[in-house]
1. I need the full set of residues from segment 120-155 which are without any contact (Cβ under 8 Å) to a residue 40 or more places away in the chain, of a type in the set (Val, Ile, Thr) and surrounded by 13 or more Cβ atoms within 10 Å (Cβ to Cβ), in order please.
2. Counting just the residues of segment 82-109 that are of a type in the set (Gly, Ala, Ser) and in a loop (DSSP other than H, G, I, E, B), which one comes out modelled with the lowest pLDDT?
3. What's the number of the only condition in (1) over 26 Å from residue 16 (Cα atoms); (2) assigned to a helix (DSSP H, G or I); (3) modelled with pLDDT of 90 or more that residue 112 fails to meet?
4. Output yes when any residue across segment 102-109 is more than 19 Å from residue 149 (Cβ to Cβ) and over 14 Å from the mean Cα position of the chain (by Cα), and no when none is.
5. Counting residues that are closer than 25 Å to residue 155 by Cβ and open to solvent by 40 Å² or more (accessible area, probe 1.4 Å), which strands (runs of 3 or more DSSP E) fully inside segment 1-77 reach at least 2?
6. Taking the condition over 15 Å from the mean Cα position of the chain (by Cα), over 25 Å from residue 154 (Cα atoms) and among the basic types (Lys, Arg), does residue 99 pass?
7. Is there any pair linking a residue in segment 3-19 that is in contact (Cβ under 8 Å) with a residue 40 or more places away in the chain and within 11 Å of residue 81 (Cα to Cα) to one that is of a type outside the set (Asp, Glu) and part of a helix (DSSP H, G or I), with Cβ under 8 Å and at least six apart or on different chains, and which?
8. Residues to consider are 164, 177; find the one that is open to solvent by less than 80 Å² (accessible area, probe 1.4 Å), modelled with pLDDT under 95, closer than 24 Å to residue 73 by Cβ and over 22 Å from the mean Cα position of the chain (by Cα).
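The values are calculated or read from the model by the stated rules, or taken from the named source; none is laboratory data. This one's a predicted model, so the numbers in the text were calculated from it and none came from an experiment. Cβ placement follows ideal geometry from the backbone for every residue including glycine, while neighbour counts extend to all protein chains displayed. Ligands, DNA and RNA are excluded from the accessible area calculation, which covers all protein heavy atoms including side chains. Shrake-Rupley method; radii C 1.70, N 1.55, O 1.52, S 1.80 Å.
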Amino acid sequence: IDLETLARILDYELYNKQWFVTGNVNPIYFAEEFEFQDPDVKLKGIEEYARGVYKLFDQKTSKAEIMSTEVNPSISPNTITVTWRLSGKVNIGPGLTIKPYICYSDFTVDEQTGLITFQEDRFDIPQWDILLSALFPFLIGKVTSAPAPEVEARDVSMPNVRALQQKSKAGKGESPLDKILQLFGGK
C-alpha cells in the first residue's frame with residue numbers, strides 16, 4: 001500500500017488505541033530493527049517501547065489525543081508525522097501531572113518493506129518548560145507556557161483495506177503490509 005494509506009491506517013489505530021501512552025501498539029507495523037528516540041530516551045524494539053510507555057504514563061489519566069497523521073516529505077520522502085496532544089500524569093516519584101503540550105512523532109517507513117524502522121518524538125515546548133511545569137504548576141502561564149489547547153474530536157475511520165489488499169496482490173507477492181491488511185478483513 002502507499003504511504004498515504006498507511007498514514008490513514010496509523011491515524012485510525014492511534015486515535016483509537018492512543019498507544020503513545022497506553023503501550024497498546026500493534027507490532028505488525030514495525031520492523032524488527034525498530035528504534036525510538038526522543039530528547040531523553042533511546043531504545044530498540046517495539047516491545048521495549050510499548051512496555052516503557054505503559055510504565056511511564058499513568059493509565060487512568062494520560063491521553064494521547066491525535067490531531068493529525070500525515071505524510072511529511074519535508075523531513076524525508078518516507079516519513080509520516082503524527083501531531084498529538086499529551087496530557088495526564090507520569091509515574092515518577094509520587095506521580096507528576098503533565099501540563100498538556102503538543103508532540104510530533106516522525107515515523108520513518110522502509111521503502112522496501114513498508115514497515116516503520118524509526119520513530120523520533122519532538123515537542124512544541126522546551127524540556128525545561130515541561131519539567132518546571134510538572135514540578136511547580138503555579139508557574140504555568142506565568143514563567144512557563146500555557147497548556148496546549150483542547151483537541152476537537154474527529155471522525156476517524158479505517159480505510160477500505162479489503163479493496164486495497166486485492167489491488168496490492170495483483171501480480172505481486174505478499175509483502176508485510178499485505179499481512180497488515182489481512183488483519184482488517186482481507187483473506
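1. 125, 130
2. Here is the first cut: in segment 82-109, the residues of a type in the set (Gly, Ala, Ser) are 87-88, 93, 95, 105.
Keeping just the survivors that are in a loop (DSSP other than H, G, I, E, B) gives 93, 95.
Details: 93: 89, 95: 93.
Checking each candidate, the answer is 93.
3. (2)
4. For segment 102-109, residues more than 19 Å from residue 149 (Cβ to Cβ) and over 14 Å from the mean Cα position of the chain (by Cα): absent.
5. Values: elements: 30-37, 42-44, 63-71.
The strands (runs of 3 or more DSSP E) meeting that bar are 63-71.
6. Numbers: over 15 Å from the mean Cα position of the chain (by Cα): yes; over 25 Å from residue 154 (Cα atoms): no; among the basic types (Lys, Arg): yes.
Spelling it out, it is not the case that residue 99 is over 15 Å from the mean Cα position of the chain (by Cα), over 25 Å from residue 154 (Cα atoms) and among the basic types (Lys, Arg).
7. As it stands, the answer is 10/29, since those pairs meet every condition given.
8. Details: 177 fails: over 22 Å from the mean Cα position of the chain (by Cα).
Unique residue meeting the criteria: 164.
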